[in-house]
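K.L.:
The structure follows.
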Amino acid sequence: MEPRLLSISSLTCAGLSEDIEMPRDKELIPSLWTRLQSRIPEISNSCGPAMGVVSRSGKLGCVRYAACIQVSSPKNVPDGLDIITVPGGDYAEFVHEGPVSDLFNTCDHIYRSWFPGSGLLPGDGPMVEVYPENFRSDVPNPQIRLLVSVKGRT
């Protein structure tokens with residue numbers, strides 16, 4: 001599994017986020033997506049794909065997971081939805097092969113196996129799951145892109 005290295009500009013998203021203890025509470029993620037699905041028609045300025053954004057949490061042992069959709073501006077985001085910013089920077093882009101239920105295993109492989117031999121370190125930005133248009137969780141191999149923040153070794 002070799003990634004493509006790329007630089008991205010900052011992205012603005014609207015969605016729902018929650019602190020989740022991984023891997024224990026990973027089953028809470030689908031409920032975030034279900035709740036967001038019912039709110040998507042309210043988001044008038046959507047302009048890109050659905051994304052799962054995994055970032056640091058202020059709670060010990062947790063990550064902050066956001067189920068979100070890219071928007072053109074943080075203005076006019078409906079009440080009750082969070083504004084999530086994916087910072088621009090350097091990312092390694094992986095493609096998850098297999099069912100969405102195996103996504104955690106791919107992420108684990110990236111951090112435990114790929115990073116140590118890559119010559120790179122995890123960056124300060126999030127990990128971003130980029131879902132294909134018309135994504136369905138029952139598709140056996142939906143080709144989910146994973147953008148992982150990277151930086152050079154110091």
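The values are calculated or read from the model by the stated rules, or taken from the named source; none is laboratory data. Remember, it's a predicted structure, so these values are computed and weren't measured experimentally. Virtual Cβ from ideal backbone geometry, glycine too; neighbours counted across all protein chains shown. Quick note on the areas: whole protein, heavy atoms, side chains included, nothing else; ligands and nucleic acids left out. Shrake-Rupley method; radii C 1.70, N 1.55, O 1.52, S 1.80 Å.
K.L.:
How many residues are surrounded by fewer than 12 Cβ atoms within 10 Å (Cβ to Cβ) and at pLDDT 95 or above when one looks only at segment 94-105?
P.N.:
Residues meeting the conditions: 0.
K.L.:
Could you list, ordered by first residue, the pairs with Cβ atoms under 6 Å in which the first is in segment 33-60 and under 24 Å from G123 (Cα atoms) and the second is in a loop (DSSP other than H, G, I, E, B) and open to solvent by less than 80 Å² (accessible area, probe 1.4 Å), at least 6 apart or interchain?
P.N.:
Within 6 Å, the pairs are P49/Y131; A50/Y131.
K.L.:
For S149, which of the numbered conditions (1) farther than 23 Å from T34 by Cα; (2) polar (S, T, N, Q); (3) touching a Leu at 6+ places or on another chain (Cβ under 8 Å); (4) modelled with pLDDT of 95 or more fails to hold?
P.N.:
For S149, the failing item is (3).
K.L.:
A further question on this structure: What is the residue count in segment 121-140 for residues that are surrounded by fewer than 18 Cβ atoms within 10 Å (Cβ to Cβ) and touching a strand residue (DSSP E or B) at 6+ places or on another chain (Cβ under 9 Å)? Don't jump to the end; show me each part of the working.
P.N.:
Filtering segment 121-140 down to residues surrounded by fewer than 18 Cβ atoms within 10 Å (Cβ to Cβ) leaves 121-124, 132-140.
Subsequent filtering for residues that are touching a strand residue (DSSP E or B) at 6+ places or on another chain (Cβ under 9 Å) retains 121-124, 132-133, 135.
Final tally of qualifying residues: 7.
K.L.:
Taking the stated definitions as given, is D108 closer than 22 Å to D25 by Cα and open to solvent by 60 Å² or more (accessible area, probe 1.4 Å)? Before the answer, list the steps.
P.N.:
Details: closer than 22 Å to D25 by Cα: yes; open to solvent by 60 Å² or more (accessible area, probe 1.4 Å): no.
Here the answer is no, as D108 does not meet what is asked.
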